[in-house]
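Visitor: Submitted below is the structure of interest, expressed as structure tokens.
The values are calculated or read from the model by the stated rules, or taken from the named source; none is laboratory data. Remember, it's a predicted structure, so these values are computed and weren't measured experimentally. In this analysis, Cβ positions are derived from the backbone assuming ideal geometry, glycine residues included, and neighbour counts consider all displayed protein chains. SASA here: full protein model, heavy atoms, side chains in, ligands and nucleic acids out. Shrake-Rupley method; radii C 1.70, N 1.55, O 1.52, S 1.80 Å.
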Amino acid sequence: MRLAVLGGGGFRVPLVYGALLRDTAKPRVEEVVLYDVSHERLEAIAHVLRGLAAGHDDPPLVRTTTDLDTALRDASFVFSAIRVGGLAGRTADERVALELGLVGQETTGPGGIAYGLRTIPVAVHVAERIAALAPRAWVINFTNPAGMITEAMRRVLGDRVIGICDSPAGLIRRAAAALGLDPAHVSPGYVGLNHLGWLCGLSHQGRDVLPELLADDAALRQVEEARLLGPEWVRTLGALPNEYLYYYYFAREAGAAGPGPTRGEALLEQQERFYAGVLARPGDALPQWRRARRERDTSYMAEERGATGAGERAAADLEAGGYEGIALALMAAIARGEPATMILNVRNGSAVPGLPEEAVVEVPCAVDGSGVRALAAGALPGRFLGLVQQVKAVEQTAIEAALTGSERLAVAAFALHPLVDSVTTARRLLDGYRARVPELAAVFPD
């Protein structure tokens, strides 16, 4: 099989290749084609992959290209992990919002809308090229905001595009481990949108054990999400929220910019140092990548954990892996016909009552050789449903704005978001992003 990785010069691509090296079942990926707009980043990541492959018998062949059509032609699977505007765009996503006293986060709130507005036209173009050159390929979308981008790409690719995120799997793994249970032997009642979902139940041997976890102080302290949002609040909710709900439930604290760099600014500095270092010392590429990865993983949501006293990330979380494992498991289930149940971003249908059928939701899904099917998630309680409905309306408004170039709809997408406090602020957000991000200005020219 041939796998095309879009955003192939990205820092996390070695995680995907490492997972492929460990995958020996048939059929397996024999060729990986890395596509990126940056030749230099492709070259650096290729050096890291060569280090990973050393000592392995018959590793997947790696090719690199800056031509999209070359990458897509005859692909069986496509991993899409593009970042339109690069990390410089992410820093603007964060800073423009923070300067207006709002949450400055790359996928949640104004930053997520800005990221989506400039990414959707590119993602839809990619989908059109996939439809033309690899119409039987399955597309696994990593590109954030994952739910919004997947929903936009579905207009071209339908059910053959599936969005993934590692946050729900991590939450479920931590919840099960806190109760001394094997995560493989629990059934999660998880429901919501990407970066906006809740673990509302956790079934083990036919019994919901989530109430036991919520009642146990010592067990809750083992769950990062409970430490981040506070045990009292998760008990009040009666569910364990995805970590990104911090930005909704603690919006005032999250919108208060600290004196240091934002997450995007820190990553921009780190990655510039990493890529330059690899190109200067290619023989040392793999150790450099491992050091940078450790630094990146341990600093994830560090400011938020510090502000709430949640402490450092658990060592088990750092070693457990993330989205690369989910992507490979999804690919194996489809390619080999091995049935699996996974939490994915797919068309709602009737899985989540109260949301449009065409909306992309994040719910447990049945996966096999025929594809992916959303499982019924049941009705969300009102304290969750209203927020989900509002954010989904924002996502769908942003999609229409990006595809039509409508400034009016772009302002509406910002103004309708629960983390934006006025229409005037929404207009200032759009103006601020246009001034700082050329890729967004190209979608909504003055």
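Visitor: Please list, ordered by first then second residue, the pairs with beta carbon atoms under 7 Å, 6 or more apart or interchain, first in segment 205-219 and within 19 Å of SER187 (Cα to Cα) and open to solvent by 80 Å² or more (accessible area, probe 1.4 Å), second part of a loop (DSSP other than H, G, I, E, B) and at pLDDT 95 or above.
Guide: GLU212/LEU179
Visitor: I'd like the full set of residues that are in contact (Cβ under 8 Å) with a residue 12 or more places away in the chain and not aliphatic (A, V, I, L, M), limited to segment 255-272.
Guide: Passing the criteria: GLY255, GLY258, GLY260, THR262, ARG263, GLY264, GLU265, GLN270, GLN271.
Visitor: Can you go through ALA75, ALA123 and tell me which one is in a helix (DSSP H, G or I) and over 17 Å from LEU268 (Cβ atoms)?
Guide: ALA123
Visitor: For segment 361-412, what are the residues that are assigned to a strand (DSSP E or B), farther than 13 Å from GLY192 by Cβ and of a type in the set (A, V, I, L, M)?
Guide: Going residue by residue through segment 361-412, those that are assigned to a strand (DSSP E or B) are 361-368, 371-374.
Subsequent filtering for residues that are farther than 13 Å from GLY192 by Cβ retains 365-368, 371-373.
Across segment 361-412, the qualifying residues are ALA366, VAL367, VAL372.
Visitor: For segment 33-55, give me each residue that is within 19 Å of ALA285 (Cα to Cα) and aliphatic (A, V, I, L, M).
Guide: Residues satisfying the conditions are LEU34, LEU42, ALA44, ILE45, ALA46, VAL48, LEU49, LEU52, ALA53, ALA54.
Visitor: I would also like to ask the following. Return the total of residues in segment 200-244 being in a loop (DSSP other than H, G, I, E, B), closer than 23 Å to ASP166 by Cβ and in contact with a Cys (Cβ under 8 Å, 6 or more places away or on another chain).
Guide: The number of residues fulfilling the criteria is 1.
Visitor: Taking segment 392-401 on its own, how many of its residues are open to solvent by 10 Å² or more (accessible area, probe 1.4 Å) and more than 16 Å from PHE444 (Cβ to Cβ)?
Guide: 3
Visitor: Is one or more of the residues making up segment 106-129 of a type outside the set (A, V, I, L, M, F, W, C), open to solvent by 30 Å² or more (accessible area, probe 1.4 Å), touching a residue at least 12 places away in the same chain (Cβ under 8 Å) and touching a Lys or Arg at 6+ places or on another chain (Cβ under 9 Å)?
Guide: The initial filter retains those residues of segment 106-129 that are of a type outside the set (A, V, I, L, M, F, W, C), namely 106-112, 115-116, 118-119, 121, 125, 128-129.
If we keep only those that are open to solvent by 30 Å² or more (accessible area, probe 1.4 Å) too, we end up with 121, 125, 128-129.
Checking which are touching a residue at least 12 places away in the same chain (Cβ under 8 Å) leaves us with 121, 128-129.
Of the ones still in play, those that are also touching a Lys or Arg at 6+ places or on another chain (Cβ under 9 Å) are none.
Taking every residue of segment 106-129 in turn, none turns out to be of a type outside the set (A, V, I, L, M, F, W, C), open to solvent by 30 Å² or more (accessible area, probe 1.4 Å), touching a residue at least 12 places away in the same chain (Cβ under 8 Å) and touching a Lys or Arg at 6+ places or on another chain (Cβ under 9 Å).
Visitor: Related question: Residues to consider are ALA114, ALA137, ALA132; find the one that is under 18 Å from LEU267 (Cβ atoms), at pLDDT 95 or above and over 15 Å from the mean Cα position of the chain (by Cα).
Guide: ALA114
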